[in-house]
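Here's the structure, in structure tokens; my notes come after.
The values are calculated or read from the model by the stated rules, or taken from the named source; none is laboratory data. Small disclaimer: the values here were computed from a predicted structure and weren't measured. FYI the Cβ positions are ideal-geometry reconstructions off the backbone, even for glycines, and counts take in every protein chain you see. For accessibility, only protein heavy atoms count, side chains too; no ligands or nucleic acids. Shrake-Rupley method; radii C 1.70, N 1.55, O 1.52, S 1.80 Å.
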Amino acid sequence: MDIIDLSTVTSSDENFLEYLDQLCATLGFDYASYATTSPVTGAVQGYANYPDAWKMHYMRRNLHRVDPTIHKSAQSIAPVDWSRFERDERFHAVFFAAEDFGISAQGMTVPVRGPYGDRGLLSVTRACPRPEWEKLRRAVIGQLQVAAVHLHDAVMRSDVISRALRQPRLSQREIEVLQWVAAGKSQMDIGDILGISHRTVEVHLRSAREKLGTLSTVQAVGRAIGLGLVYPR
């Protein structure tokens with residue numbers, strides 16, 4: 001399985017590496033990385049704002065084959081704190097050497113799933129006392145989940161074939177409901193506006209979340225905006 005450093009690839013949609021830099025600066029992390037398996041080629045595509053020396057070490061030794069932040073996190077649908085990983089041979093193969101490059105084993109990975117089987121992983125790390133890490137994690141987890149969806153969708157849109165595969169078919173009512181959510185309306189408000197019950201609103205939201213491959217309504221709105229199905233207010 002190949003690994004591709006996307007930080008070396010020019011994208012007409014996003015400067016992905018700059019996005020990671022801004023994410024770290026805004027939320028207070030040392031480093032961030034992103035990886036996805038292409039639904040077209042099967043290759044692991046990834047990039048990070050880690051030091052170049054570490055990225056070369058990682059790629060030369062094919063550490064993506066054993067990296068628990070990739071393989072363990074991909075099995076989850078919820079954010080995974082790295083403290084949950086077993087300190088086994090694979091963990092040490094990655095993180096024992098990482099410490100020599102100034103990279104902490106304290107971090108978190110946010111999985112993202114798309115509507116056509118595509119998956120992405122946004123990972124962040126910070127060297128700090130454990131109580132400080134716990135406080136930071138709780139404060140930014142929501143923002144990280146939205147950022148993960150945004151970044152994954154941007155990467156998918158940068159590939160013509162993947163883009164064609166990823167256009168979900170939402171009903172007009174589902175789009176209307178998401179548009180009103182984007183406008184800041186509650187389910188009760190939306191039901192009154194559209195003349196339907198708030199339970200029916202939830203049915204449409206649940207269907208939209210499933211079609212868009214998201215866990216929350218906030219993520220669904222963000223993905224719908226990114227796909228041009230819904231417009232921000």
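I'd like the full set of residues that are in a loop (DSSP other than H, G, I, E, B) and among the basic types (Lys, Arg), limited to segment 111-137. I'd like the intermediate steps shown before the answer.
Kept after step one, since they are in a loop (DSSP other than H, G, I, E, B), are these residues of segment 111-137: 114-118, 126-129.
Arg126 - this is the single residue of segment 111-137 that is in a loop (DSSP other than H, G, I, E, B) and among the basic types (Lys, Arg).
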Just to verify a result, which residue in segment 13-63, among those that are closer than 23 Å to Glu86 by Cβ and open to solvent by 60 Å² or more (accessible area, probe 1.4 Å), is modelled with the highest pLDDT? Arg61
Residue tally, condition open to solvent by less than 10 Å² (accessible area, probe 1.4 Å) and among the basic types (Lys, Arg), over segment 107-121: 0
Residue selected from segment 177-233 under the condition on the phi > 0 side of the Ramachandran plot and free of Cβ contacts under 8 Å to residues at least 12 places away in the same chain, by the criterion least open to solvent (accessible area, probe 1.4 Å): Gly228
Asp153, sole failed condition from (1) out of contact with any Ser or Thr (no Cβ under 7 Å at 6 or more places or on another chain); (2) open to solvent by 40 Å² or more (accessible area, probe 1.4 Å): (2)
Take the residues of segment 64-106 that are of a type outside the set (Val, Ile, Thr), in contact (Cβ under 8 Å) with a residue 40 or more places away in the chain and within 20 Å of Gln45 (Cβ to Cβ): which is surrounded by the most Cβ atoms within 10 Å (Cβ to Cβ)? Ser73
Subset of segment 163-188 [assigned to a helix (DSSP H, G or I), in contact with a helix residue (DSSP H, G or I) (Cβ under 7 Å, 6 or more places away or on another chain) and not β-branched (Val, Ile, Thr)]: Arg163, Arg173, Glu174, Glu176, Leu178, Trp180, Ala182, Gln187, Met188
